[in-house]
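See structure below.
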């Protein structure tokens, strides 16, 4: 029997389903369902901590998939969090709970996909449900907001885009001995990022106005900052 907790995360399966071949989909769902209850149950117990992560140990009679499978699928959650950061969902919810349709309209996204994304993120504690078809930011997800002390939104976006892309070259990196970043981007990380390193070392979340005096490099630094902090 699939528990209510698992049913709340099943929407994530639909998001991922299109990337799997049909002949493997049924087997994939069966293995995934068995472990979701364990993941969700223990995540709920630990979301009081900002640093809480799903503990994937056994929680009793609930069967769970192999630990190797759990480790290999960890990027599903990290990429879901990245998408929420990129779309600025936490910023949009600052004024209070909103429906999936309202979130989709504000972020120019598909409302059905947004609904499934939000249900999945609620299951891991980054957001929470608030009434019928409404969602709010949970304590764990507060750092996804732009204009708050300790904002991690820019960092999450950087991890979900630049670093995630570089890690896709790990196999080639291991085979050749070359770093994955230049394999992906054609340059060493700090050479590629250049002025963007400033974005990783300084928190602009509380800045409302910014002037790039001189604007060297066609204002690339200012453009990058505005890209990561669209509310500025």
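The values are calculated or read from the model by the stated rules, or taken from the named source; none is laboratory data. The model shown is predicted, which means the values in this text are computed figures rather than measured ones. Positions of Cβ are backbone-derived with ideal geometry, glycine not excepted, and every protein chain shown enters the neighbour counts.
Among the residues of segment 139-165, write down those that are outside any helix (DSSP H, G or I) and surrounded by 16 or more Cβ atoms within 10 Å (Cβ to Cβ).
145, 146, 147, 148, 151, 152
Please count how many residues of segment 166-192 are modelled with pLDDT of 85 or more and in a helix (DSSP H, G or I).
14
Could you check, for segment 124-132, whether at least one of its residues is within 16 Å of the chain's Cα centre (by Cα), surrounded by 21 or more Cβ atoms within 10 Å (Cβ to Cβ) and in a strand (DSSP E or B)?
Yes.
So in segment 78-114, with the set limited to residues that are touching a helix residue (DSSP H, G or I) at 6+ places or on another chain (Cβ under 8 Å) and outside any helix (DSSP H, G or I), which one is farthest from residue 146 (Cα to Cα)?
Restricting to residues being touching a helix residue (DSSP H, G or I) at 6+ places or on another chain (Cβ under 8 Å) and outside any helix (DSSP H, G or I), the top hit is 110.
Among the residues of segment 81-115, write down those that are surrounded by 21 or more Cβ atoms within 10 Å (Cβ to Cβ), farther than 20 Å from residue 154 by Cα and under 15 Å from the mean Cα position of the chain (by Cα).
114
If a residue has to be closer than 17 Å to residue 75 by Cβ, touching a residue at least 60 places away in the same chain (Cβ under 8 Å) and either in contact with a strand residue (DSSP E or B) (Cβ under 8 Å, 6 or more places away or on another chain) or assigned by TED's automatic domain parsing to the domain that holds residue 76 (or both) to count, how many in segment 117-162 make the cut?
Total satisfying the criteria: 4.
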